[in-house]
Amino acid sequence: MRLSRAAGRRWVAGVPTFWLLLLFLIPFLIVFRISFSEVRLAIPPYTPLLTWHHSWWPSIELHGSAYSFLFTDSLYVSSYLYSVKVAAISTLLCLLIGYPMAYAIARSSPSSRSVLLMLIVLPFWTSFLLRVYAWIGLLKNNGVINNVLMYLGVIHHPLVMLQTDFAVYIGIVYSYLPFMILPLYANLEKHDPALLEAAADLGARPFRAFLRVTLPQSLAGIVAGSLLVFIPAVGEYVIPTLLGRTDQLMIGRVLSDEFFENRDWPVASAVAILILLLLVIPIMLFQRMQRRELEAAQ
Amino acid sequence: MKSRGLFTRVALVLGLIFLYAPILSMVIFSFNNSRLVTVWDAVNSPTLKWYGVLMHNSQILGAAWLSIRIALVSATGAVILGTLAGMALARYGAFRGRMLLAGMTTAPIVMPEVITGLSLLLLFVALEQLIGWPHGVGAVTITLAHITFCMAYVTVVVQSRLTGFDESLEEAAMDLGARPVKVFFRITLPLILPAIASGWLLAFTLSWDDLVITQFVAGPGSSTLPMVIFSKVRFGVTPDINALATIMVLVVATGIAISTIWMRYREKRRERDLRLAAASNP
Amino acid sequence: MPAIDSAQAYARIAGVTKKFGDFAAVDNVSLDIRRGEIFCLLGGSGSGKTTLLRMLAGFETPTSGTIHIDGADMSTTPPYERPVNMMFQSYALFPHMSVERNVAFGLEQEGVSRERAKRQVAEILDMVKMGGFGARKPHQLSGGQRQRVALARALVKKPKLLLLDEPLAALDKKLREHTQFELISIQQRMGVTFIVVTHDQEEAMTLGTRLGVMNQGRIVQVGSPSDIYESPSNRFVADFIGSVNMFEGQVLQGGTDAVRIDCAELRGTVRAERTVACANGATVWTAIRPEKIGISRQQPGGADPAENLVRGTVREIAYMGDMSIYLVQIDSGKMMRVTLPNTMRGRERPIVREESVWLSWHGSSPVVLTE
């Protein structure tokens, strides 16, 4: 048996495409469809996707009730906005912490660079869940940080840190920092140091040279890193559940609760669709950058 | 000039402390005797008590075993599919459906996990209604879900390796009489093997670590290790989890140490080879 | 030394066009390659020479036209079934295989027995003077050694055509010269027909039995190296190969033994002892190589003062060691390039900058070009 070259190529591209169509794209269409269904007490708990009314051709009944429900209860709107706020602030914090770190790595000697990069990536290889869990022990009222501060006499009553916005920021920045540093480093590492020397030679002080030369050139890295933090942070579930407030939920938690606690699949689907609507522009932006990056490498 | 170098360097050190302090605290408190996880019992510590407790926790051990099996199968499946996708994207130029495939391989990387999880479960439910398969959710559906989101990462790793690959190597093999399938197994595969191996490790880790997507597509009796940990830590801190974390850190650190030593060795050999090449000029 | 069979085309490229979208990388090329020759395809980047080579190897299929090798139509034959091998510009040695395994790879695909393959590999490695290096990996070799291994790997299959893509481009200048002659001697011993792609005219001149100059997807001239240098058939070739002084002019008087051309830029007449089919009054170009021009302080005697003679001022002198280049501004303002070999050490009174000089040339030197 011999495959022709064209047939071989069809298989190579076709198998993963088929897989992702079935397990990635079609599922979204189903989510979209169910978000327009109504909840009912049955298994599965939503009105059928297709109905046959005395005809050969199935008809599709659309209900907007899930969406109108989302806008009548302020819980959904407020957690939606809260998620955007948390994700935006965490992204900014990641950038402020990650940029100097990436810069320092890019400017260090080639031999120490690989070691430093490994140190940045290493925590990623240990369990994400356990690393978030570690912060509970640090931030609790009788946790390590409070104990140390009280022992040193800096404070006399424990600071309430767990179950606050602060804890969520810490958790997100901590978990997603490598995703900010790596694209920034990849960008900064390519910069020609002669450009800064040229700027200095032309009379620019270091900080000014940084603002006018390095920063504009690293914009692509900043955008890529920010997207890699912002997009997953909006839908973050584990971190706010373990570290965050109980009176203000993030939208990912709301989705999960609607699904598991209330068994209202149409509303959960509608929430998913609204999160996607918010993220569709950042995701497409990220894909375009990713593509351009790979094409530049080619 | 000097002061800025100092500022970024200090930032780097503080950042690394920030990254490692929580892990270190877990390791330290795993040897603490007290039940009050964060209060150091100086009299009876350090102790291996919690490691003993962990070793007798059949729920955690069972979940870990399930997680390992799922991760092994998922990583292997993801590597096969991801390598195919990476080949197609890096090599076939502008083929029909390229945009579709490229989009579907990068999207899962940034997609919020709750959405991926929800959509996969709804697919499995709809499939079961439609064709009677899968029968409920469990290890099979978890594995299918893991393969799907892991292959996206493998695709990126393989694709970027292939874009830095000298295509004339494959042409040369073909020119010397090897058919395309043979070219793949004799030339392409051996050369991208390191990328495939790191893709596999990445996929294994992601699968082993995943909680959110798994929660959606898991059924009763198919609790993975992250699910068990989550349900434990959600309702209070338990010291044996510290012990578990320490073991996991130890495993990762050992793996990294071995690979570092191996890479050092390879680099040394490479340097020697380069000297050899320079000495044998022309 | 193999006899070059000039009557019969060994490889025949007939009306081959290759389009990428709307762009024709190779545009209706027809070419006959003779058995046993070294044919050099010479052209700048984007001239289509590499695309043509890749079509011969089978990596690209022609949009139209046919390729025959030794009488067999190759148009639909995949690369792995063609009696053709290629030496890649990057050498494309398989980094995970030793030198021996690299060279044996092609034989393995043919199903040659292990012992025979081993013997053949040893022979060919000896021939390229890489006998003791069989166990090494490619990265343990220097650039020149890699080049020989790549050559051995392609030659060991005894192809009907050996295609060489910029074979010397990756080597430094000294090594390049040495390797050129080695390539020729190996080619003559093996009797394989070579097709060499290069952008380096010196390389093409040294290596090639014949040259094909390519521009914008077309073959603009085919001939021996001296044909192409001394008798370029158009302005592109004259300008591309070596350097040249070119003047536009009108034919004053055609003839069987000489053509006289009135050149406004020279403020004089060029007499070329060539027969060119052209009508009186037609616009033509005359090209004179810099080394075929004499330079002197006094007006050279004996010559007709109105012909093949021009006055100018030396503006720049570049001393190159073996020769010197003079840039002379003639009275019309145009710059002319003249080269003189430095045959004697410490000339008594060398010509210096800003000196006014006479430039003259023999009637056999100018080439008349109609296109």
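The values are calculated or read from the model by the stated rules, or taken from the named source; none is laboratory data. The shown structure was predicted, so the numbers you read here are calculated from the model rather than taken from an experiment. In this analysis, Cβ positions are derived from the backbone assuming ideal geometry, glycine residues included, and neighbour counts consider all displayed protein chains. Heads up: the accessible areas ignore ligands, DNA and RNA and are worked out on the full protein's heavy atoms, side chains in. Shrake-Rupley method; radii C 1.70, N 1.55, O 1.52, S 1.80 Å.
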Can you name the residue in the stretch B:216-240 that is within 21 Å of the chain's Cα centre (by Cα) and at the interface with chain A (Cβ under 8 Å from one of its Cβ atoms) and is also nearest to A:Leu122 (Cα to Cα) among such residues? B:Pro226
Out of A:Glu258, A:Glu197, sole residue that is part of a helix (DSSP H, G or I) and surrounded by fewer than 18 Cβ atoms within 10 Å (Cβ to Cβ): A:Glu197
What single numbered condition from (1) over 19 Å from A:Tyr169 (Cα atoms); (2) not in a helix (DSSP H, G or I) fails to hold for A:Asp247? (1)
What single numbered condition from (1) at pLDDT 90 or above; (2) over 30 Å from C:Val29 (Cβ atoms); (3) surrounded by 15 or more Cβ atoms within 10 Å (Cβ to Cβ) fails to hold for C:Leu175? (1)
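Kindly evaluate A:Ala296 against the criterion of being open to solvent by less than 30 Å² (accessible area, probe 1.4 Å), of a type outside the set (D, E, K, R) and at the interface with chain B (Cβ under 10 Å from one of its Cβ atoms). Steps first, answer last, please.
Values: open to solvent by less than 30 Å² (accessible area, probe 1.4 Å): no; of a type outside the set (D, E, K, R): yes; at the interface with chain B (Cβ under 10 Å from one of its Cβ atoms): yes.
Spelling it out, it is not the case that A:Ala296 is open to solvent by less than 30 Å² (accessible area, probe 1.4 Å), of a type outside the set (D, E, K, R) and at the interface with chain B (Cβ under 10 Å from one of its Cβ atoms).
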Pull up the stretch B:51-72, narrow it to residues that are β-branched (Val, Ile, Thr) and open to solvent by less than 20 Å² (accessible area, probe 1.4 Å), then point me to the one that is modelled with the highest pLDDT. B:Ile70
Return the pair list, or none, for Cβ contacts closer than 7 Å from residues in the stretch C:77-100 that are farther than 21 Å from B:Ile192 by Cβ and more than 8 Å from chain B (Cβ to nearest Cβ) to residues that are open to solvent by 20 Å² or more (accessible area, probe 1.4 Å) and hydrophobic (A, V, I, L, M, F, W, C), at least 6 apart or on different chains. C:Val99/C:Phe133; C:Glu100/C:Ala135
I'm told A:His191 meets every condition in (1) touching a residue at least 60 places away in the same chain (Cβ under 8 Å); (2) over 26 Å from B:Val27 (Cα atoms); (3) assigned to a helix (DSSP H, G or I) except one. Can you identify the failing condition by its number? (3)
Exactly one of B:Thr143, B:Thr106, B:Thr148 is at pLDDT below 95 and part of a helix (DSSP H, G or I), and that one is B:Thr106
Checked the stretch C:9-24 for anything under 11 Å from C:Gly48 (Cα atoms) and among the β-branched types (Val, Ile, Thr); matches are C:Thr17
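For the stretch A:129-161, enumerate the residues that are within 26 Å of the chain's Cα centre (by Cα) and farther than 27 Å from B:Trp208 by Cα. Before you say what the answer is, go through the steps one by one.
The first filter runs over the stretch A:129-161 and keeps only residues within 26 Å of the chain's Cα centre (by Cα), leaving A:129-140, A:161.
Selection gives A:Lys140, A:Met161.
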Tally, over the stretch B:74-112, of residues that are without any contact (Cβ under 8 Å) to a residue 24 or more places away in the chain, open to solvent by 30 Å² or more (accessible area, probe 1.4 Å) and among the β-branched types (Val, Ile, Thr): 1
Contact list, first residue from the stretch B:179-190 and more than 8 Å from chain C (Cβ to nearest Cβ) and under 11 Å from C:Phe94 (Cα atoms), second anywhere and part of a helix (DSSP H, G or I) and at pLDDT below 90, beta-carbon distance below 7 Å, six or more apart or interchain, is none
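Right, B:Phe29: closer than 20 Å to A:Ile136 by Cα and surrounded by 20 or more Cβ atoms within 10 Å (Cβ to Cβ) or not? Before you say what the answer is, go through the steps one by one.
Values: closer than 20 Å to A:Ile136 by Cα: yes; surrounded by 20 or more Cβ atoms within 10 Å (Cβ to Cβ): yes.
Against the criterion (closer than 20 Å to A:Ile136 by Cα and surrounded by 20 or more Cβ atoms within 10 Å (Cβ to Cβ)), B:Phe29 qualifies.
Residue by residue, here is whether (1) aliphatic (A, V, I, L, M); (2) open to solvent by less than 10 Å² (accessible area, probe 1.4 Å); (3) outside the structural domain of B:Leu72 (by TED's automatic domain parsing) holds:
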position: B:Val156; (1), (2), (3): yes, no, no
position: B:Ala172; (1), (2), (3): yes, yes, no
position: B:Leu202; (1), (2), (3): yes, no, no
position: B:Ala218; (1), (2), (3): yes, no, no
position: B:Ser231; (1), (2), (3): no, no, no
Sort out which residues of the stretch A:190-233 are farther than 20 Å from A:Pro178 by Cβ, polar (S, T, N, Q) and more than 12 Å from chain B (Cβ to nearest Cβ), and write them in order of number. A:Gln217
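Residue-wise test of (1) at pLDDT below 90; (2) at the interface with another protein chain (Cβ under 10 Å from one of its Cβ atoms).
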position	(1), (2)
B:Leu19	no, yes
B:Leu24	no, yes
B:Phe31	yes, no
B:Leu36	yes, yes
B:Val39	yes, yes
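Before we move on, is A:Glu189 modelled with pLDDT of 85 or more and of a type in the set (Asp, Glu)?
On the way: modelled with pLDDT of 85 or more: yes; of a type in the set (Asp, Glu): yes.
Considered against the rule, which asks whether it is modelled with pLDDT of 85 or more and of a type in the set (Asp, Glu), A:Glu189 comes out as yes.
Has the stretch C:8-24 got at least one residue that is within 18 Å of the chain's Cα centre (by Cα) and more than 14 Å from chain B (Cβ to nearest Cβ)? Quick ask: steps written out before the conclusion?
Taking the stretch C:8-24 and keeping what is within 18 Å of the chain's Cα centre (by Cα), we get none.
Looking for residues that are within 18 Å of the chain's Cα centre (by Cα) and more than 14 Å from chain B (Cβ to nearest Cβ), one finds none in the stretch C:8-24, hence no.
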